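Undergrad: Would you mind keeping the following structure in view while I ask a few things?
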Amino acid sequence: MKDKDIFENGLLNYRIKRRSLPTALFFLTSAIALDKVGLTYQDVKTIPNSADSLKAFLNGEIDAWITSDLHLAEVQKNHKVKVLLYSSELFSNRSLYFTHRSFAEQHPDALSAFIKALERVDRWIATHFSEAVELLSKEINNGIDAKGWEQSLRNRPWGLVPPSGEFIAEQQYAADVFYRFGLLPNSINVSEALLADPLSVFEANLALAGR
């Protein structure tokens, strides 16, 4: 986002555009950011992403821009922009893995094997940034160079951990905001999505948590 005054004076009637973010993450970031300053989607105009998003933002046609770490790093190479806030200031923004409850309850061994494989991948990336950067920059054709990938990887927390009470409370707050903003048709209880004993199929890698 370009100008800190937008948040200090309120986002009323400002135009916000997202860039290269999953729709759910865009809604999560924008909804919580607005809620923190007492605004809703009725107070701003959100604009769908297009190929000309960056150009429009730099030309002042868009007042605020929501993007990923990867694309922000690319923009900052050639342009001076002011970051109003990072999503990590609003929520923990960890990657989440979901499965059907029936599968988790009926196939705990398969689920545990999958989680352990994910854990090994996380552990490898956290201790082999250079190799991971080289692999990702070659295999994923998104216009991001190795330097951009490295910055993004080093800013991420690595390691798999089971959902904590604090994390569930954070997710519940997001769900409540979505409901109040009209993004969910009904209120939901996030804790109902948890297994009774998630640790039974989860090998937590606590040593890497938060890195």
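Undergrad: Answer with yes or no whether Leu85 is touching a helix residue (DSSP H, G or I) at 6+ places or on another chain (Cβ under 8 Å) and surrounded by fewer than 17 Cβ atoms within 10 Å (Cβ to Cβ).
TA: Yes: the conditions hold for Leu85.
Undergrad: Then there's this: Within region 67-80, can you find the residues that are aliphatic (A, V, I, L, M) and either surrounded by fewer than 16 Cβ atoms within 10 Å (Cβ to Cβ) or at pLDDT below 80 (or both)?
TA: Hits for region 67-80 are Leu70, Leu72, Ala73.
Table: residues versus (1) in contact with a Lys or Arg (Cβ under 7 Å, 6 or more places away or on another chain); (2) touching a residue at least 24 places away in the same chain (Cβ under 8 Å); (3) in the same structural domain as Leu194 (by TED's automatic domain parsing).
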site: Ala113; (1), (2), (3): no, no, yes
site: Lys116; (1), (2), (3): no, yes, yes
site: Arg123; (1), (2), (3): no, yes, yes
site: Lys138; (1), (2), (3): no, no, yes
site: Gly143; (1), (2), (3): no, yes, yes
site: Gly148; (1), (2), (3): no, yes, yes
site: Leu153; (1), (2), (3): no, yes, yes
site: Pro157; (1), (2), (3): yes, yes, yes
site: Pro163; (1), (2), (3): no, yes, yes
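Undergrad: Quick one: count up the residues across region 99-121 that are within 15 Å of Val161 (Cα to Cα) and among the polar types (S, T, N, Q).
TA: So the count comes out to 1.
Undergrad: Right, Gln151: within 24 Å of Ser68 (Cα to Cα), among the polar types (S, T, N, Q), outside any loop (DSSP other than H, G, I, E, B) and modelled with pLDDT under 85 or not?
TA: yes
Undergrad: Moving on to the next point. Hey, can you tell me all the residues within region 41-57 that are among the aromatic types (Phe, Trp, Tyr), more than 25 Å from His79 (Cα to Cα) and at pLDDT 80 or above?
TA: Answer for region 41-57, where residues must be among the aromatic types (Phe, Trp, Tyr), more than 25 Å from His79 (Cα to Cα) and at pLDDT 80 or above: there is none.
Undergrad: Quickly run through region 73-86 and pick out the residues that are touching a residue at least 60 places away in the same chain (Cβ under 8 Å) and within 20 Å of Trp158 (Cβ to Cβ).
TA: Scanning region 73-86 gives a single hit, Ala73.
Undergrad: Which of the residues belonging to region 186-200 are at pLDDT 90 or above and assigned to a loop (DSSP other than H, G, I, E, B)?
TA: If the condition is that a residue be at pLDDT 90 or above and assigned to a loop (DSSP other than H, G, I, E, B), then Asn186, Ser187, Ile188, Asn189 are the ones that fit.
Undergrad: While we're on this one: For region 120-143, name all the residues that are of a type in the set (A, V, I, L, M) and either part of a helix (DSSP H, G or I) or surrounded by 12 or more Cβ atoms within 10 Å (Cβ to Cβ) (or both).
TA: Hits for region 120-143 are Val121, Ile125, Ala126, Ala132, Val133, Leu135, Leu136.
The values are calculated or read from the model by the stated rules, or taken from the named source; none is laboratory data. Here the structure is a predicted model, which is why all the values come from computation and not from measurement. Glycine also receives a Cβ, built like all others from the backbone with ideal geometry; neighbour counts cover every protein chain displayed.
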